[in-house]
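The values are calculated or read from the model by the stated rules, or taken from the named source; none is laboratory data. Being a predicted model, the structure only gives us computed values, none of them experimental. Cβ: placed from backbone, ideal geometry, glycine included. Neighbour counts: every protein chain shown.
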Amino acid sequence: MIEKLKRLLALAETGIVYHSNNYELERCSEQRDLCLKMIAEVTDNPIEKIRNFYMPPVEYPTPKVDVRAFVLNDRDEVLLVKESEDDKWSIPGGWSDVGFSPAEVAIKELEEETGLDASVDRLLAVWDVNVEKKPDPVCAFYVYKMVFYCRADFSKPLNHAFDIEDAAFFSMDKLPELSHFRINEHQLKILFEMVKKGEIKTLAD
């Protein structure tokens, strides 16, 4: 339901941006307001919070981009960070930043969240977060996820950022509770196999 509402909201906001007369603007604005009210009901949030979250559209609505770094140590353990938002674990990363390329974002997020310097080896996957909806929680945005394989310099100790509770390496058979919107076990296993097999291809939805 939430994905359909986000799609309807995007269509309504497109109509607001590109309306050709006041009738179209009024109709699309009403459709947007109805979508926001329904999103508030589905997510069990106050309508005021939802309205503040979704700013009035000024241009064509597009998906947000989530950039992640996949790192293995010499024991084939995966680097994870504990998110303060939900006390669950993910591979380092976050929303893309204006002024940085996707690869630069991956390196920046990795350094900020773990203290490690690294270089990007290759792009492993571009996933539509909404393809695997379960057990992912509801997300307010439509999101594309880009995952880069990064080679890190382990000469420095792990040093997590202020918004990260912890950073550590885990074996694939002893993973902690994951923050499923950010990464899930199925995706981690796919990424691990790609790196270990040396696959050069990039997965894309």
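Checking the conditions here, which among D97, D74, D87 is modelled with pLDDT under 95, surrounded by fewer than 18 Cβ atoms within 10 Å (Cβ to Cβ) and under 13 Å from the mean Cα position of the chain (by Cα)?
Selected residue: D97, the only one of D97, D74, D87 that is modelled with pLDDT under 95, surrounded by fewer than 18 Cβ atoms within 10 Å (Cβ to Cβ) and under 13 Å from the mean Cα position of the chain (by Cα).
Residues that are under 17 Å from A152 (Cα atoms) and in a loop (DSSP other than H, G, I, E, B) within segment 69-103 comprise V71, N73, D74, R75, D76, E77, I91, P92, listed in sequence order. Being assigned to a loop (DSSP other than H, G, I, E, B) and within 20 Å of L116 (Cβ to Cβ) is the filter here, so list the residues in segment 164-178 that pass it. Answer for segment 164-178, where residues must be assigned to a loop (DSSP other than H, G, I, E, B) and within 20 Å of L116 (Cβ to Cβ): S171, M172, L175, P176. Any residue in segment 136-143 that is in contact (Cβ under 8 Å) with a residue 12 or more places away in the chain and either closer than 20 Å to E199 by Cβ or in contact with a Leu (Cβ under 8 Å, 6 or more places away or on another chain) (or both)? Checked segment 136-143: no residue is in contact (Cβ under 8 Å) with a residue 12 or more places away in the chain and either closer than 20 Å to E199 by Cβ or in contact with a Leu (Cβ under 8 Å, 6 or more places away or on another chain) (or both).
Every listed requirement among (1) touching an Asp or Glu at 6+ places or on another chain (Cβ under 8 Å); (2) closer than 18 Å to L178 by Cα is met by S96 save one, (2). Within segment 33-55, being under 16 Å from L11 (Cα atoms) and touching a residue at least 24 places away in the same chain (Cβ under 8 Å) holds for C35, L36, M38, I39, Y54. Would you check which residues across segment 179-205 are in a loop (DSSP other than H, G, I, E, B), in contact (Cβ under 8 Å) with a residue 40 or more places away in the chain and either surrounded by fewer than 16 Cβ atoms within 10 Å (Cβ to Cβ) or among the hydrophobic types (A, V, I, L, M, F, W, C) (or both) and list them? Within segment 179-205, F181, I183, I200, T202, D205 meet the criteria.
Helices (runs of 4 or more DSSP H) wholly in segment 1-59 with at least 1 residues that are at pLDDT below 85, more than 23 Å from the chain's Cα centre (by Cα) and closer than 23 Å to N130 by Cα - which ones?
Answer list for segment 1-59: none.
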